[in-house]
Amino acid sequence: MQEKYSHKLTDKKWQEYWRDAKLMSMDETSQKPKYYCLMMFPYPSAALHVGHGRNYIIGDAVARYMKMKGYNVLTPMGWDAFGLPAENAAIKNGVHPKELTFNNITTMKSQLEEWGVLYDWDREVASCNPDYYKWTQWLFLKLYEKGLAYKKEAAVNWCPGCQTVLANEQVVNGACERCSSEVQQKKLKQWFFKITDYAQKLLDDIQLLDGWPQRVKTMQANWIGRSEGAYIDFKVNGLDKTLTCFTTRPDTIFGATYMVVAPEHHYVEEILKISENKDKVLKFLEKIKGQSSFQRQSEQVEKEGVFSGLYVINPVNKDKIPLWIANYVIYGYGTGSMMAVPAHDQRDFDFAKKYNLDIKLVIDNPKDTLNGPSMKEAYEDIGVLVNSGKFDGISSSEAKTAITSWMQDNNMGKKAITYKLRDWLISRQRYWGAPIPIIYCEKCGIVPVKEKDLPVELPADVEFKPTGVSPLEDKKEFIEATCPKCGGVARREVDTMDTFVDSSWYYLRYLSPKNEKVAFEKQLVDKWLPVDQYIGGVEHAILHLLYSRFITKVLFDIKAVGFKEPFANLFTQGMIIKDGAKMSKSKGNVVSPDKLIEQYGADTVRVYTLFIGPPEKDAEWNDRAVEGAWRFLNKVWRLMHQTTQEGNFYITDDELIVKLTVKTNEVIKKVTFDIENSFHFNTVISSIMELVNVAKEVVDKQLESNSLKGKVESKSPYDVKETLEVICLLLSPLAPHICEEMWRNLGHSKSIFLHPWPKHNEKVLSQGQMEIIVQINGKLRSRINLDKGISEEQIKAAVLEDEKVKNLIANATIKKVIVVAGKLINIVVN
RNA sequence: GGGCGAGUGGUGGAAUGGCAGACACGUGGGACUUAAAAUCCCAUGGAUGAAUAAUCCGUGUGGGUUCGACUCCCACCUCGCCCACCA
């Protein structure tokens with residue numbers, strides 16, 4: 001064994017060894033229990049920084065740990081390889097997206113290897129390969145068959161920068177998530193997945209996700225946004241037309257004093273035809289059009305509206321109330337129109353004040369009687385109904401159901417549930433994605449491509465120009481097709497699919513990545529899924545995870561898989577921050593792992609990354625503190641060297657033996673608990689540091705006592721090697737290279753990762769003495785060392801006999817004594 | 001406005017309701033060295049102390065529960081993230 005630790009001696013050697021030995025390959029014939037450990041597959045962008053590294057290092061540590069715990073571990077990796085950045089780069093630099101993507105994949109793979117992160121590379125997938133996207137297209141066909149893929153004209157978010165359509169989820173503060181251009185509205189015919197059909201199931205089954213962070217579950221529930229209420233029909237005065245609104249407060253229907261429709265509402269066209277107020281309405285619509293969607297959505301924009309010139313009839317009391325058009329009504333939610341109850345909704349109240357509309361009190365505050373005209377703000381709480389006909393006097397919560405069923409009986413409205421969740425718009429007017437497998441025939445209309453004709457391959461040479469339509473539009477050989485139904489002349493769909501479709505099922509493909517006959521084998525996925533541990537960034541808390549859940553449920557319903565949820569346990573790691581901000585090229589605060597790995601080695605970078613803080617929380621990167629991890633590994637190496645160079649090293653002093661063996665077993669217990677319970681590798685490392693510190697101290701003391709004459713020999717000396725092995729084993733998932741090296745130096749011929757994880761021995765823990773804290777009236781006053789394992793009564797007696805304690809309570813009477821086993825005693829006196 | 005999370009030394013952070021500040025980083029001092037690096041040792045929340053004595057204060061603020069609160073409950077303040085004119 002070298003005297004000094006050098007990562008240059010260990011890193012490459014063991015990386016190659018593990019790779020050749022296929023250490024992390026799943027064993028298909030194994031009888032061991034399975035463990036599917038999955039990292040969110042990355043988009044192949046230029047180069048990884050230490051922030052990305054955290055994700056892979058955590059995952060690798062978990063996978064190695066579970067392997068040592070005796071599981072048959074599946075830990076695959078792949079590439080979410082379609083998408084805009086590669087295509088944008090192609091437009092800019094003229095490099096084909098495919099070339100760029102695969103170059104990036106090569107770079108990232110070698111970076112992962114340098115970190116010592118292992119995967120079952122035989123199962124690698126890339127979503128841009130035809131043998132993968134063939135099955136993404138198959139998935140589309142399955143949804144189409146089930147009526148879950150449909151085409152409709154829709155006002156879509158159009159990014160003028162990327163020249164494409166964006167999903168609602170890709171619009172952030174009215175701007176494109178990618179290029180920050182201001183998003184415009186545009187009407188296009190687009191393909192959608194009917195995720196709204198699964199809104200309730202997606203919401204209900206959140207309950208099944210015991211292993212998910214509460215935060216993510218809440219975010220999903222909010223995103224689905226279920227609300228219960230009623231649809232209520234309002235007849236337009238004097239016309240044979242009904243406008244329906246959605247409300248969560250049917251109890252306030254008697255207080256509706258006007259009605260509002262969104263400016264985009266289809267009825268606005270009718271209004272313009274017949275309204276006497278047409279000019280003002282037109283002027284208003286013009287003004288609203290000038291406001292970007294971002295302006296409309298921000299709260300700074302004042303509620304504005306215009307009287308339509310028409311009236312509607314409140315069905316419950318036949319009141320004739322004005323119909324308004326206003327910017328604060330969202331076309332996409334509910335019915336795009338709403339009843340306004342100014343007395344009991346703050347927004348309606350503000351609007352009514354501004355335009356001098358009636359405010360009618362229908363819910364009274366039982367504690368403090370309200371007076372309609374003098375109200376300063378809306379009363380939104382529960383209360384007792386007034387001015388509500390036969391419903392006067394009942395509570396508002398009762399009234400909700402009572403009024404709804406009464407309206408239902410009288411054909412005025414009905415119970416309703418709405419969701420904020422919208423259907424998933426999957427069309428992209430882009431090249432670098434999976435083509436939507438659809439053919440348009442003049443005779444037969446929309447015809448899906450036959451499964452046997454998949455994949456619909458992307459042509460290689462196309463012109464990359466942002467024109468607002470897919471580059472495939474220019475590609476005659478691609479567009480021209482024959483109708484699969486009638487054989488006639490037809491044309492192909494030129495849009496490609498949102499990359500979230502690619503990533504919504506990849507975890508199934510890993511089980512049979514090369515199968516050319518099916519997307520995945522039911523028997524295999526049913527055995528291996530749900531994923532035991534999914535690890536990734538919280539930024540995917542909504543989109544990717546919701547889409548994956550949706551696709552899994554669809555596949556379950558068509559009996560393609562036998563499970564309802566894809567991911568049993570989810571771990572979302574925190575971001576690495578540098579100089580107070582997320583690492584990004586534009587901010588110039590990116591820390592590259594390459595130099596650090598060159599200087600300190602992979603294990604130092606890994607240990608520091610895990611030591612930086614609890615993995616689920618954000619953490620600030622500190623280059624200087626990396627040094628601490630380096631020093632620690634060197635310390636371990638020196639201890640190892642010092643105690644193995646000249647044969648076995650025995651501890652012969654009984655006290656030292658107890659100290660070291662107790663600590664060794666305590667740390668095994670603590671480390672195992674911290675990994676199992678929370679992946680808190682930061683405390684795992686600090687515990688191992690403590691063990692190393694104690695071992696060092698014991699070894700030094702032993703060396704001192706060896707040089708002393710007349711030392712007392714123990715009857716059963718302790719070989720330090722036992723503790724050294726434990727240190728190697730506990731540290732190996734975190735710092736695999738150095739541990740593998742030290743393990744071999746300890747005389748083992750097989751890889752440390754094939755050795756079982758150590759178990760602690762409770763009996764050892766009960767040896768020696770414990771320190772009992774003595775509190776008087778809850779304040780720390782003394783400490784007393786007592787033998788472990790004595791009873792509470794004995795502790796109490798021993799403490800009360802103690803001279804110091806006696807003095808402290810000399811002039812007081814003892815009221816009560818509380819003993820906490822093994823820890824503390826609190827004497828309550830007065 | 002709603003939801004979630006967080007507030008502990010100079011810094012990152014630790015603490016099943018039971019010794020607050022583990023483990024590190026940094027800093028100061030010392031040993032070794034011609035010197036430096038590396039390594040090792042000591043100190044390191046604040047206050048009053050000559051003090052290695054001793055005592056008091058101290059986990060955002062104010063209350064509460066408890067023998068005992070960083071931890072639980074209530075109210076508030078600050079910060080972060082997500083959502084947001086969702087009827």
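Every number in this text was worked out from the coordinates using simple rules, so none of it is lab data. Everything numeric here is computed off the predicted structure, so don't read it as measured data. Every residue, glycine among them, receives a Cβ derived from its backbone with ideal geometry; neighbour counts consider all protein chains shown.
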Inset, instruction - Take the cross-link list A:LYS670/A:LYS759; A:LYS788/A:LYS823; A:LYS134/A:LYS452; A:LYS134/A:LYS476 and give me the ones stretching past 19 Å between alpha-carbons. - result: A:LYS134/A:LYS476
Legend entry - C-alpha long axis of helix A:721-731 to longest principal axis of chain A, angle in °: 10
Inset, instruction - Would you mind getting me the FRET efficiency between A:ARG19 and A:SER782? Use the beta-carbon distance for r and R0 = 60 Å, nearest 0.05. - result: 0.55
Inset, instruction - For the stretch A:455-527, count all C-alpha to C-alpha pairs, find those more than 22 Å apart, and express that count as a whole percent of the total. - result: 47
Legend entry - Cα long-axis angle, helix A:214-224 against chain A (0 to 90 degrees, to the nearest 10): 10
Legend entry - Whole-number D in µm² s⁻¹ for chain A, Kirkwood Cα-pair radius fed into Stokes-Einstein, 20 °C, 1.002 mPa s: 67
Inset, instruction - Determine the calculated [θ] at 222 nm for chain A from helices alone, applying -39500 (n - 2.57) to every DSSP H run no shorter than 4 residues and normalising by the residue count; nearest 500 deg cm²/dmol. - result: -11500 deg cm²/dmol
Inset, instruction - Return the whole-Å distance between the Cα centroid of the stretch A:210-272 and the Cα centroid of the stretch A:329-386. - result: 15
Legend entry - Of the trypsin sites (Lys or Arg not before Pro) in the stretch A:355-390, those whose Cβ has at most 11 other Cβ within 10 Å and which sit in DSSP loop: A:LYS367, A:LYS376
Legend entry - In Hz, Karplus ³J(HN,Hα) per residue of the stretch A:675-682 (6.51, -1.76, 1.60; θ = phi - 60°; x = Gly, Pro): 5, 4, 7, 8, 6, 7, 5, 4
Inset, instruction - Treating only the Cβ atoms of Lys and Arg (+1) and Asp and Glu (-1) as charged, compute the dipole magnitude of the stretch A:75-216 about its Cα centre; round to the nearest 20 debye. - result: 760
Inset, instruction - Calculate the spin-label point distance for A:VAL817 paired with A:ASP594, positioning each point 7 Å from the Cα along the beta-carbon direction, and give it in nanometres. - result: 6.9
Inset, instruction - Quick one: order A:HIS737, A:HIS748, A:HIS760 by neighbouring beta-carbon count within 10 Å, fewest to most. - result: A:HIS748, A:HIS760, A:HIS737
Legend entry - In nm, spacing of pseudo-spin labels at A:THR218 and A:ASP27 (7 Å Cα→C-beta vector): 4.4
Inset, instruction - Provide the per-residue ³J(HN,Hα) series for the stretch A:75-91, in order, calculated from phi with Karplus coefficients 6.51, -1.76, 1.60 and θ = phi - 60°, each as a whole number of Hz, with x at glycine and proline positions. - result: 9, x, 9, x, 9, 8, 9, 8, x, 5, x, 5, 6, 4, 5, 5, 5
Legend entry - Ranked packing of A:668-680, A:768-780, most packed first, by mean Cβ within 10 Å: A:668-680, A:768-780
Legend entry - In degrees, nearest ten, helix A:130-145 long axis to first principal axis of chain A (Cα): 50
Inset, instruction - Convert each backbone phi in the stretch A:645-658 into a coupling constant with the Karplus relation 6.51 cos²θ - 1.76 cosθ + 1.60 (shift: θ = phi - 60°), then list the ³J(HN,Hα) values in order as whole Hz, x for Gly and Pro. - result: 5, 10, x, 6, 10, 9, 8, 10, 9, 4, 5, 5, 4, 4
Inset, instruction - Mind putting a number on the dipole of the stretch A:685-830 about its Cα centre? Charges go on the C-beta only, +1 for Lys and Arg and -1 for Asp and Glu, and I need it in Debye to the nearest 20. - result: 460
Legend entry - Estimated FRET transfer efficiency (A:LYS287, A:PHE673; beta-carbon r; R0 45 Å; 0.05): 0.10
Inset, instruction - Averaging sequence separations of C-alpha pairs under 8 Å and six or more residues apart, then dividing by the length of chain A, give the relative contact order as a whole percent. - result: 14
Legend entry - Segments A:3-13, A:504-514, A:249-259, A:487-497 sorted - mean Cβ within 10 Å per residue, highest first: A:249-259, A:504-514, A:487-497, A:3-13
Inset, instruction - Quote the charge dipole size of the stretch A:393-466 about the Cα centre in Debye, to the nearest 20; the model charges only the Cβ of Lys and Arg (+1) and of Asp and Glu (-1). - result: 280
Inset, instruction - May I ask you to compute the full-extension gain from A:ILE382 to A:PHE563, defined as 0.36 nm times their residue separation minus their alpha-carbon distance, rounded to one decimal in nm? - result: 60.9 nm
Inset, instruction - Counting only DSSP beta bridges with both residues in chain A, tell me the antiparallel percent, nearest 5. - result: 75
Inset, instruction - State the extension gain, in nm to one decimal, for the chain segment bounded by A:LYS303 and A:ASN830, taking 0.36 nm per residue of separation less the distance between their alpha-carbons. - result: 183.1 nm
Inset, instruction - Sort the following peptides by mean Cβ neighbour count (other Cβ atoms within 10 Å, averaged over residues), highest first: A:811-819, A:185-193, A:77-85. - result: A:77-85, A:185-193, A:811-819
Legend entry - Inter-label distance for A:VAL764 and A:LYS92, nm, one decimal - labels placed 7 Å from Cα along Cα-to-Cβ: 5.7
